[in-house]
Amino acid sequence: MKEGTVSAKHMGARVSPKKVAPVMDLIRGKSVEKAKVILAFDTSKPAKMILKVLKSAEANAVNNNKMDKSKLVIKELWVGAGTMAKRMTPGAKGRADPILKRTSHIYINLLEGK
């Protein structure tokens, strides 16, 4: 991690990375205050998880690094694929069809702007 940046992550979030990515695009590059407002009005499950991680990163910046809350900007955020739980669902003619329950790793880095 570079000097002046603060990070937070949620490993193993029980939501698919495919569903998290479009929500991340809404807040990429914005100030933390704007991003929190955008995520607060988004009712999706990924938005709630990202908001939680964003608040955690903000708390890390303020409490651990003594950064100014109003100057924080989202430097980078990304989602990675986590582990997959393999399950089965009943299929036709007595077969079992596989289901992959996907998880995500959500990462957020904040920077103190001007």
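Bear in mind these aren't lab numbers, they're just calculated from the coordinates by the rules spelled out. What you are looking at is a predicted structure, and each value in this text was computed from that prediction instead of being measured. Every residue, glycine as well, gets a Cβ built from its backbone with ideal geometry; the counts of neighbours run over all protein chains shown.
Full extension of the chain between LYS66 and ALA96 gives 5.3 nm of extra length, using 0.36 nm per residue less the Cα-Cα distance.
A 22 angstrom limit on the alpha carbon distance is what I want to check against. Which of LYS30/LYS101; LYS36/LYS75; LYS2/LYS30; LYS19/LYS71; LYS2/LYS101 exceed it?
Working: LYS30/LYS101 31 Å; LYS36/LYS75 15 Å; LYS2/LYS30 19 Å; LYS19/LYS71 29 Å; LYS2/LYS101 34 Å.
Violating the 22 Å Cα-Cα cut-off are LYS30/LYS101; LYS19/LYS71; LYS2/LYS101.
Between THR43 and ARG14, residue separation times 0.36 nm minus the direct Cα-Cα distance comes to 8.8 nm. Its residue count N sets the reference 2.2 N^0.38 Å, and the alpha-carbon radius of gyration of segment 5-112 equals 1.29 times that reference.
Here the spin labels are modelled as points 7 Å beyond Cα on the Cα-Cβ line, and at LEU26 and LYS86 they lie 3.5 nm apart.
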